[in-house]
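The values are calculated or read from the model by the stated rules, or taken from the named source; none is laboratory data. Just so we're clear, the structure is a prediction, and the values are computed from it rather than from any experiment. Quick reminder, even Gly has a Cβ in these numbers, built from the backbone with ideal geometry, and neighbours come from all protein chains shown. Only protein heavy atoms, including side chains, enter the accessible area calculation; ligands, DNA and RNA are left aside. Shrake-Rupley method; radii C 1.70, N 1.55, O 1.52, S 1.80 Å.
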Amino acid sequence: LRQYADKEEVVLWMNTVGPYHNRQETYKYFSLPFCAGKKKTINHYHETLGEALQGVELEFSGLDIKFKEDVMQSTYCEIELDKPKRDAFVYAIKNHYWYQMYIDDLPIWGIVGEADENGEDHFLWTYKKLEIGYNGNRIVDVNLTSEGKVKLVPNTKIAMSYSMKWKKSDVKFEDRFDKYLDPSFFQHRIHWFSIFNSFMMVIFLVGLVSMILMRTLRKDYARYSKEEEMDDMLEVPEKYEADMPGSFNSCTVYLNEHVHSLCLCCFMFCEICHYCVTDNWRGSMLSTAIFVFAATSPLNGYFGGSLYARQGGRRWIKQMFIGAFLVPAMVCGTAFFINFIAMYYHASRAIPFGTMVAVCCICFFVILPLNLVGTILGRNMSGQPNFPCRVNAVPRPIPEKKWFMEPAVIVCLGGILPFGSIFIEMYFIFTSFWAYKIYYVYGFMMLVLVILCIVTVCVTIVCTYFLLNAEDYRWQWTSFLSAASTAVYVYMYSFYYYFFKTKMYGLFQTAFYFGYMAVFSTALGIMCGAVGYMGTSAFVRKIYTNVKID
């Protein structure tokens, strides 16, 4: 952590500039015709992989700032305002451009300028009044006041000035980011009410599942034990798993991706808690996520390889490749598509070619080999079939049933309750990512995640029970897709959020929003689907293990 000596150099980094309503549409600060200070010599700044992917473009401001040394208002450069430069500033002011700077990793935001009430004259803020708080030999607070409103007139010179005021502060270094948080937004009563509502839903669903297990199934077992012909009794449980060896093989890819994602979530939750009390946060979260995703690839391969082998799959190499590259291909494909739009816009979000090569190398030379090792271990250590009863090779015909018992209807309805348990939290998460809020209530997030898993498992168990009662053995894909349909409702909610909760506009921001919302929804669907399948699989195994077969 950085500690300064008196009169030691303090760097003011200029990051990006862009329209206020499009948070992700950012450009280099000096893409607007701003001028830099006179100081040119400074150590080179090294970007991390996460910063390159997030479009962080730190450039030296050229201002001479010394620790604890006040600077009266002084001019650091002049802008020769010709017509193209004036037009650029006018366009930025009309679109409410703002800029971001950093001092000692503390972000500072400022507005480029403003227009008069009629929108005819435009003014540029030319005076940056910086007030920096320090505690001992560390910087703990930064405030920017924009002053010096100057009318934009072609063929004139505009003087850009700044001042520095240092003051002692009682803010602890560990608490210096607290000013950026918004407790009144995240700890609103509606947030607590949503948690309570979801908790009551969990109690209801757990009670429903318990009733099925303790009362209804007991009657089913008694009915089976009274059957006179053993073949009739054995036929039902056998048929329920008849399709598993063939038709379910492709779903193992999604299940092992869930295990991979779950490990990533656990590691990232611990990492988030760590970064709550440290300040090396800019770009580090994404870099850590990439590292953890690559490092946990053996778990992905192990779970997928063992499950695929237990289902009798033979094309394990194909399964391994799909399991290794499903999520990376989905994320990278979306990112590279949006990258072409960013390059057309000359936005800072445009990923450099070297960074794209680095990400591809991680996929081919780290994720794939580790996945291969995990797959081989999974196939050899836990790849033997362990069905609770005999499985018929040829499934029997499925009898006709009512329309609401069809798998397609169950799939469509299965995601409603899981979505209902998280949609309030989705609003807070969306607002923190797409607007200007910093999400910090990770306890809420963890609790909602647990509630989502419990609700998903309970819903899929109930759906599967009614499906099996209708003598339909196609429970595997039904349980997976009924839980995964939660993602469809989340993506539909993202449309509502875009049109009614934001003021986003333009091709780049729209493509960025819906592209990454599709990635987020798909990943959530895979996670929910796998949770639903694993809970349902344990339920089916339990009820058929308890059926007495002489």
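Can you tell me which of S198, S210 is outside the structural domain of L63 (by the TED database), within 29 Å of the chain's Cα centre (by Cα) and over 23 Å from L63 (Cβ atoms)? Reasoning before the result, please.
On the way: S210 fails: within 29 Å of the chain's Cα centre (by Cα).
Only one candidate passes the filter, namely S198.
Is it the case that the range 343-352 has a residue that's buried (at least 19 other Cβ atoms within 10 Å of the Cβ) and without any contact (Cβ under 8 Å) to a residue 40 or more places away in the chain?
Scanning the range 343-352, I find no residue that is buried (at least 19 other Cβ atoms within 10 Å of the Cβ) and without any contact (Cβ under 8 Å) to a residue 40 or more places away in the chain, so the answer is no.
Which of the residues spanning the range 156-185 are in contact with a Phe, Trp or Tyr (Cβ under 7 Å, 6 or more places away or on another chain) and farther than 30 Å from L81 by Cβ? Show your work before the answer.
Looking only at the range 156-185, we keep the residues that are in contact with a Phe, Trp or Tyr (Cβ under 7 Å, 6 or more places away or on another chain), and these are 160-162, 166, 168-169, 181.
Matches in the range 156-185: W166, K168, S169, L181.
Just for the range 15-63: of the residues that are over 20 Å from T126 (Cβ atoms) and among the acidic types (D, E), which one is modelled with the highest pLDDT?
E25
Which residues, counting only those in the range 376-397, are at pLDDT 80 or above and surrounded by 13 or more Cβ atoms within 10 Å (Cβ to Cβ)?
Here is the first cut: in the range 376-397, the residues at pLDDT 80 or above are 376-381, 397.
Hits for the range 376-397 are I376, L377, G378, R379.
In the set A342, A324, which member is modelled with pLDDT under 90 and in contact with a helix residue (DSSP H, G or I) (Cβ under 7 Å, 6 or more places away or on another chain)?
Values: A342 fails: modelled with pLDDT under 90.
Only one candidate passes the filter, namely A324.
Tell me yes or no: at least one residue of the range 145-159 is in contact with a Gly (Cβ under 8 Å, 6 or more places away or on another chain) and small (G, A, S). Can you show your working first?
Here is the first cut: in the range 145-159, the ones in contact with a Gly (Cβ under 8 Å, 6 or more places away or on another chain) are 146, 149, 152.
Still in the list and also small (G, A, S): 146.
Within the range 145-159, one or more residues are in contact with a Gly (Cβ under 8 Å, 6 or more places away or on another chain) and small (G, A, S).
Quick check, is L299 open to solvent by 20 Å² or more (accessible area, probe 1.4 Å), within 18 Å of the chain's Cα centre (by Cα) and touching a residue at least 60 places away in the same chain (Cβ under 8 Å)?
Values: open to solvent by 20 Å² or more (accessible area, probe 1.4 Å): yes; within 18 Å of the chain's Cα centre (by Cα): no; touching a residue at least 60 places away in the same chain (Cβ under 8 Å): yes.
Spelling it out, it is not the case that L299 is open to solvent by 20 Å² or more (accessible area, probe 1.4 Å), within 18 Å of the chain's Cα centre (by Cα) and touching a residue at least 60 places away in the same chain (Cβ under 8 Å).
So how many residues does the range 462-475 have that are in a helix (DSSP H, G or I), touching a residue at least 12 places away in the same chain (Cβ under 8 Å) and over 13 Å from G415 (Cα atoms)?
Filtering the range 462-475 for residues in a helix (DSSP H, G or I) gives 462-469, 475.
From what is left, the residues that are touching a residue at least 12 places away in the same chain (Cβ under 8 Å) are 462-468, 475.
Applying the additional criterion that residues be over 13 Å from G415 (Cα atoms) yields 464-468, 475.
Count: 6.
Just to check your reading of the model, which residue among K437, K402 is among the basic types (K, R) and more than 30 Å from M504 (Cβ to Cβ)? So that I can check it myself, show each step before the final result.
On the way: K437 fails: more than 30 Å from M504 (Cβ to Cβ).
Criteria check complete, one pass: K402.
Okay, residues lined up against (1) touching a Leu at 6+ places or on another chain (Cβ under 9 Å); (2) at pLDDT 95 or above:
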{"site": "F499", "(1), (2)": "no, yes"}
{"site": "Y505", "(1), (2)": "no, no"}
{"site": "F514", "(1), (2)": "no, yes"}
{"site": "V519", "(1), (2)": "no, no"}
{"site": "A530", "(1), (2)": "yes, no"}
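What residue, among those in the range 140-196 that are among the polar types (S, T, N, Q) and open to solvent by less than 30 Å² (accessible area, probe 1.4 Å), is nearest to M446 (Cα to Cα)? Spell out how you get there, then give the answer.
Taking the range 140-196 as the starting set, the residues that turn out to be among the polar types (S, T, N, Q) are 143, 145-146, 155-156, 161, 163, 169, 184, 187, 194.
Of the ones still in play, those that are also open to solvent by less than 30 Å² (accessible area, probe 1.4 Å) are 161, 163, 169, 194.
Numbers: S161: 47, S163: 44, S169: 34, S194: 14 Å.
It comes out as S194.
For (1) part of a strand (DSSP E or B); (2) over 23 Å from T288 (Cα atoms); (3) touching a Cys at 6+ places or on another chain (Cβ under 6 Å), each residue gets a yes or a no:
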residue: V56; (1), (2), (3): no, no, no
residue: L63; (1), (2), (3): no, yes, no
residue: S74; (1), (2), (3): yes, yes, no
residue: C77; (1), (2), (3): yes, yes, yes
residue: R86; (1), (2), (3): no, yes, no
residue: A92; (1), (2), (3): no, yes, no
residue: W98; (1), (2), (3): yes, yes, no
residue: M101; (1), (2), (3): yes, yes, no
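Condition (residue is more than 20 Å from the chain's Cα centre (by Cα), open to solvent by 40 Å² or more (accessible area, probe 1.4 Å) and closer than 16 Å to S421 by Cα) applied to the range 447-465: is it met by at least one residue? Steps first, answer last, please.
Filtering the range 447-465 down to residues more than 20 Å from the chain's Cα centre (by Cα) leaves 454-455, 457-465.
Checking which are open to solvent by 40 Å² or more (accessible area, probe 1.4 Å) leaves us with 454.
Pick out the ones that are also closer than 16 Å to S421 by Cα and you get 454.
Within the range 447-465 (the criterion being more than 20 Å from the chain's Cα centre (by Cα), open to solvent by 40 Å² or more (accessible area, probe 1.4 Å) and closer than 16 Å to S421 by Cα), the answer is yes, since at least one residue qualifies.
I'd like to verify a number: residues in the range 310-330 that are among the β-branched types (V, I, T) and surrounded by 19 or more Cβ atoms within 10 Å (Cβ to Cβ), how many? Talk me through it step by step, then tell me what you get.
Step one: of the range 310-330, the residues among the β-branched types (V, I, T) are 317, 322, 327.
From what's left, surrounded by 19 or more Cβ atoms within 10 Å (Cβ to Cβ): 327.
Qualifying residue count for the region: 1.
Within the range 109-132, how many residues are crowded, with 18+ Cβ neighbours inside 10 Å and not in a loop (DSSP other than H, G, I, E, B)? Steps first, please.
So in the range 109-132, the residues crowded, with 18+ Cβ neighbours inside 10 Å come out as 112-113, 122, 124-126, 128, 130, 132.
If we keep only those that are not in a loop (DSSP other than H, G, I, E, B) as well, we get 113, 122, 124-126, 128, 130, 132.
Number of matching residues: 8.
Between a residue in the range 483-505 that is on the phi < 0 side of the Ramachandran plot and any residue that is open to solvent by 30 Å² or more (accessible area, probe 1.4 Å) and among the small types (G, A, S), which pairs come within a Cβ distance under 7 Å, given they are 6 or more apart or on different chains?
Correct list of pairs: Y491/A518.
Determine whether F520 is out of contact with any strand residue (DSSP E or B) (no Cβ under 8 Å at 6 or more places or on another chain) and without any contact (Cβ under 8 Å) to a residue 40 or more places away in the chain.
On the way: out of contact with any strand residue (DSSP E or B) (no Cβ under 8 Å at 6 or more places or on another chain): yes; without any contact (Cβ under 8 Å) to a residue 40 or more places away in the chain: yes.
It is true that F520 is out of contact with any strand residue (DSSP E or B) (no Cβ under 8 Å at 6 or more places or on another chain) and without any contact (Cβ under 8 Å) to a residue 40 or more places away in the chain.
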